[in-house]
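The values are calculated or read from the model by the stated rules, or taken from the named source; none is laboratory data. The shown structure was predicted, so the numbers you read here are calculated from the model rather than taken from an experiment. Note that each Cβ is placed from the backbone with ideal geometry, even for glycine, and that neighbours are counted across all protein chains shown. In case anyone asks, the SASA skips ligands and DNA or RNA and just uses the protein heavy atoms, side chains included. Shrake-Rupley method; radii C 1.70, N 1.55, O 1.52, S 1.80 Å.
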Amino acid sequence: MVIILIGVAGSGKTTVGRIVAARLGYEFHDADDLHPAQNRDKMRRGVALDDDDRWPWLHAVRALVQQCLDQKRSAVIACSALKQVYRDLLLVDPTAIKLVYLKGSPALIAQRLARRAGHFFDRRLLQSQFDTLEEPANAIVVDIEEPPEKIADAIVAGLGPQT
């Protein structure tokens, strides 16, 4: 099984994803690691990515998902996947992939981003992420008001016994 944690920057995908992966004994991957240098540079400079920037990155994430499934490796992948068309690309096998949407208010996420250090994402881009976001209809939705451990609890409970 592959679990893809989706949401805007600062929603906790990496932090929560690592916890969920550890609890389930799955490997963890951060899709941010697959961004080409030019994407990272744009975001560092406060320039929002567009679809032309995102498609090569999303194809790399899709390849990672496919590799995990082909090699029967269970994984948690943190990936913003803000639009439905992006998620459709990543769902190479809907029976083996679960989407989990980490949902939070712009105010809460802005607070989190203000405290985050060492990441290439410029917090001034948060509004552009919310502008791009199409909330998923086919995902486990988890409110991120709680601490990461409780969010992970909700995700594992939402996944049910198939994990």
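Measuring between their Cα centroids, the range 67-104 and the range 50-65 lie 12 Å from each other. Estimated from helical segments only, the mean residue ellipticity of the chain at 222 nm is -14000 deg cm²/dmol, where each DSSP H run of four or more residues counts as -39500 (n - 2.57). With the convex hull of the Cα atoms taken as the outline of the range 15-163, the averaged projected area works out to 8.6 nm².
Suppose we flag trypsin sites (Lys or Arg not before Pro) only when DSSP calls them loop and at most 14 other Cβ atoms lie within 10 Å. Which is the longest uninterrupted stretch of the chain? For trypsin sites (Lys or Arg not before Pro) (loop position, at most 14 other Cβ atoms within 10 Å), the longest site-free span of the chain is 117-163. For the range 1-79, what does the alpha-carbon gyration tensor say about shape, rounded, prolate or oblate, given a ≥ b ≥ c as the root eigenvalues, a/c under 1.5 as rounded, and a/b over b/c as prolate? Oblate, since a/c reaches 1.5 and b/c is not below a/b.
Ranked by solvent-accessible area (1.4 Å probe, protein heavy atoms only, all chains present), the residues HIS59, HIS35 order from largest to smallest as HIS59, HIS35.
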